[in-house]
Amino acid sequence: MSQNKDTTTEQSALKTDLMQDITSLCKRRGFIFPSSEIYGGLGSCWDYGPLGVELKRNIKELWWKSMTLRPDIEGIDAAILMAPRVWEASGHVENFTDPLVDCRNCKARFRADKAQKDPQSGKLICPECESTNVTEARNFNLMFKTFMGPVEDSAAVVFLRPETAQGIYVNFHNVATSMRKKIPFGIAQIGKAFRNEITPGNFIFRTREFEQMEMQFFVHPTEDEKWMEFWKDSRWKWHTELLGIKKENLRFHPHGPGELAHYAKSAFDIEFQFPFGWSEIEGVHNRTDFDLGRHQEFSKKNLMYVDTERNNERYLPFIIETSVGADRSLLAALVDAYHNDAANERVVLQFSPKIAPVKAAVLPLSKKPELESIADKIVQDLSQTLQVQYDESGSIGKRYRRQEEIGTPYCITVDFDSLNDQCVTIRHRDTMAQERISFDKVHNYIKDGFKNWPQK
Ligand code: GAP
C-alpha cells in the first residue's frame with residue numbers, strides 16, 4: 001500500500017471512530033439512546049435523554065426566538081396529518097420518490113442514484129456484497145401512509161407529513177388575515193416530519209422521524225432575490241453566532257441546474273463538515289409562487305394576495321424558504337464542539353453556553369453537611385434561571401471530567417476554606433482556569449461570563 005493510501009485509510013478510520021465516540025458519549029452521558037433498546041432497538045430511531053432533550057430544546061428555542069421575535073414573522077403549529085390532496089398539490093405523491101434496487105444475492109436494498117456502476121457491464125453494484133445481480137430500479141415513495149378512522153380502505157389513507165412547510169402554505173391566508181400581516185412577512189414552524197428513507201444512518205443525521213424548523217417568507221415577486229440574499233446571510237449568522245459553529249466547518253453549496261427541485265428558482269444548502277463528509281444541514285430555497293399556485297389550483301380557493309401598498313395589485317407571493325433539521329443542527333453542534341484534549345486526558349464538549357444543556361455544576365469537595373448546605377444554597381439560587389447539576393460523588397477530578405464531557409461551562413467548587421472566606425472556586429471548562437469569588441457574586445459572574453463568551 002502506498003503512503004498516501006495509508007494516510008487516507010487512517011484518516012477515514014479516525015473519522016469513523018469520531019462518530020462512534022460521539023454516539024457512545026451520547027448514550028453514556030444521557031444525550032441520546034437507541035429507541036426501544038430493551039427490545040433490540042428500532043432501525044434509525046433514537047430517543048433523546050435528559051441532556052439531549054435540553055440541548056435540543058435550547059437549539060429550537062434559539063431558532064424560534066431568532067424568527068418570531070421579528071415583527072414580520074408569526075409562528076404556527078399545524079397538525080401532522082393533513083388532507084391527502086395537500087400532498088398531491090405539493091407534488092409529493094408524484095415526485096417524492098427514490099429509485100430503489102434490491103440485491104438478489106444478499107437481499108440488501110439500496111438507492112440506485114447513490115450506487116456505483118460496473119464499468120464493463122454498466123450494471124449497478126450492490127454496496128453490501130459487490131454483486132451486480134440486482135433488480136431494475138423502481139420508484140419508491142418516501143411518505144409514510146396510514147389510515148384515518150376504523151376502515152382501512154383507500155378512501156381513508158392519510159400521510160405522515162414529510163415536511164412541515166405545507167402546513168404553513170395552507171395557512172397563509174389564515175395567518176395574513178387574522179394577524180393583519182402585510183407582504184413581506186414570514187410564518188415559522190417547528191415540528192416532526194417523517195420520511196421512509198431507504199438508507200437512513202450516520203446516527204441522527206438521516207432518520208425516518210425527525211424535526212424540522214422551517215420558515216416561509218412571502219414576498220412580492222420582484223423582491224425575491226433581495227430576500228433570498230437576506231435570508232442566506234441571516235441563516236449563516238444563526239449557525240455561526242448563535243449556535244456557535246466554527247465558520248471553517250460550514251459552507252454554502254449552490255444547487256446547479258441538475259440539482260434544483262422542481263419548485264425552486266434557486267437554492268443553497270448550508271453544509272457542515274461531518275466526519276463522513278460535507279453534508280446538508282439546511283436549505284434556503286426560492287420556491288417562487290409554485291406552492292401557493294398549486295394549492296390554489298387543487299383547493300380551488302383564491303389564494304391571491306391583494307397588496308394595498310401597491311395600488312391593490314393582486315398576485316401570488318413568492319416564497320423564500322429556510323428549512324433546517326433540529327436533529328442535524330444538534331449533530332453538527334455535537335461534532336463541532338467535540339474536543340479530544342489528549343494533553344490533559346479529557347474530552348470536552350465546547351458548546352456555546354447558549355445551547356449547553358447544563359450551565360453550571362456545584363461540587364462540594366466533601367460530603368460534610370456544612371459544605372453540602374452551602375452547595376445547596378448556591379444550587380437553589382442558580383436554578384431559578386439556569387440548568388444546574390449538583391454532584392458530590394467521586395473524586396473532584398472525576399467530577400470535572402464528567403462535566404467537561406457534557407459541556408458544562410462552569411464548575412463551582414465548595415471547599416473547607418469556603419466556611420471561612422464565604423468564597424467558592426469557579427473553574428472554566430475550556431481553559432481550566434480557576435477563580436475564587438464570593439458566594440453572592442456567583443450568579444452575576446456566570447451571567448457576565450455567558451454574555452462575554454468568546455466566538456469560535
Ligand atoms: N421543506 C423543504 C424541505 O423539507 P429538505 O432539504 O428535504 O427540504 C430540510 O429538508 C432539512 O430537513 C434538511 O436540511 C435536514 O436538516 C432535515 N432533514 C431532511 N431529511 C431528514 C432526515 N431523513 N433525517 C434528519 N433530518 C432530515
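Laid out as a table, the results:
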| quantity | calculated |
| --- | --- |
| Some residue of the stretch 226-245 being surrounded by fewer than 15 Cβ atoms within 10 Å (Cβ to Cβ), more than 26 Å from the chain's Cα centre (by Cα) and away from the ligand (no atom under 16 Å from the Cβ) | yes |
| Tally, over the stretch 65-80, of residues that are crowded, with 18+ Cβ neighbours inside 10 Å and within 18 Å of Pro353 (Cβ to Cβ) | 1 |
| Index of the failed condition, Val362 passing every other in (1) open to solvent by less than 10 Å² (accessible area, probe 1.4 Å); (2) within 16 Å of the ligand (Cβ to nearest atom); (3) outside any loop (DSSP other than H, G, I, E, B) | (2) |
| Residue match in the stretch 263-271 (condition: assigned to a loop (DSSP other than H, G, I, E, B), β-branched (Val, Ile, Thr) and either open to solvent by less than 10 Å² (accessible area, probe 1.4 Å) or away from the ligand (no atom under 16 Å from the Cβ) (or both)) | no |
| Residue, nearest to the ligand (Cβ to nearest atom), within the stretch 301-311, restricted to residues that are open to solvent by less than 30 Å² (accessible area, probe 1.4 Å) and not acidic (Asp, Glu) | Leu303 |
| Number of positions in the stretch 103-126 that are surrounded by fewer than 17 Cβ atoms within 10 Å (Cβ to Cβ), out of contact with any Ser or Thr (no Cβ under 6 Å at 6 or more places or on another chain) and touching a residue at least 24 places away in the same chain (Cβ under 8 Å) | 4 |
| Subset of the stretch 28-62 (residues that are polar (S, T, N, Q) and surrounded by fewer than 17 Cβ atoms within 10 Å (Cβ to Cβ)) | Ser35, Ser36 |
| Meets criteria (under 27 Å from Thr146 (Cα atoms), of a type outside the set (S, T, N, Q), free of Cβ contacts under 8 Å to residues at least 60 places away in the same chain and within 11 Å of the ligand (Cβ to nearest atom)) for Ala193 | yes |
| Index of the failed condition, His295 passing every other in (1) more than 27 Å from Tyr390 (Cα to Cα); (2) open to solvent by less than 10 Å² (accessible area, probe 1.4 Å); (3) within 16 Å of the ligand (Cβ to nearest atom); (4) in contact with a helix residue (DSSP H, G or I) (Cβ under 7 Å, 6 or more places away or on another chain) | (2) |
| Among (1) more than 22 Å from Phe172 (Cα to Cα); (2) away from the ligand (no atom under 13 Å from the Cβ); (3) in contact with a Ser or Thr (Cβ under 8 Å, 6 or more places away or on another chain) - the single one Gly258 does not satisfy | (3) |
| Where a residue in the stretch 345-357 is charged (D, E, K, R) and its partner, wherever it lies, is surrounded by fewer than 21 Cβ atoms within 10 Å (Cβ to Cβ) and assigned to a loop (DSSP other than H, G, I, E, B), with Cβ under 9 Å and at least six apart | Arg346/Met432; Lys354/Trp453 |
| Number of positions in the stretch 329-350 that are part of a helix (DSSP H, G or I) and more than 16 Å from the ligand (Cβ to nearest atom) | 4 |
| Any hit, the stretch 377-394, residues being touching a Gly at 6+ places or on another chain (Cβ under 9 Å) and at pLDDT 95 or above | no |
| Selection count where residues are more than 15 Å from Ser323 (Cβ to Cβ) and hydroxyl-bearing (Ser, Thr, Tyr), scope the stretch 213-248 | 2 |
| Residue satisfying all of: in the stretch 312-328; within 7 Å of the ligand (Cβ to nearest atom) and not in a strand (DSSP E or B); least open to solvent (accessible area, probe 1.4 Å) among these | Asp327 |
| Residue match in the stretch 206-225 (condition: open to solvent by 60 Å² or more (accessible area, probe 1.4 Å), more than 9 Å from the ligand (Cβ to nearest atom) and assigned to a strand (DSSP E or B)) | no |
| Residue among Phe274, Phe290 that alone is within 13 Å of the ligand (Cβ to nearest atom) and more than 20 Å from Ala165 (Cα to Cα) | Phe274 |
| Number of the exception - Phe203 against (1) over 18 Å from the mean Cα position of the chain (by Cα); (2) modelled with pLDDT of 95 or more; (3) part of a loop (DSSP other than H, G, I, E, B) | (1) |
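Yes/no matrix, rows are residues, columns are (1) farther than 28 Å from Met19 by Cβ; (2) open to solvent by less than 30 Å² (accessible area, probe 1.4 Å); (3) not in a helix (DSSP H, G or I):
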site	(1), (2), (3)
Ser352	no, yes, yes
Glu370	yes, no, no
Arg399	no, yes, no
Glu404	no, yes, no
Ile426	yes, yes, yes
Asp430	no, no, yes
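The values are calculated or read from the model by the stated rules, or taken from the named source; none is laboratory data. The structure displayed is predicted, hence computed values, not measured ones. So basically every Cβ, Gly included, is an ideal-geometry build from the backbone, and we count neighbours across all protein chains shown. The area values use the complete protein model at the heavy-atom level, side chains included, leaving out ligands, DNA and RNA. Shrake-Rupley method; radii C 1.70, N 1.55, O 1.52, S 1.80 Å.
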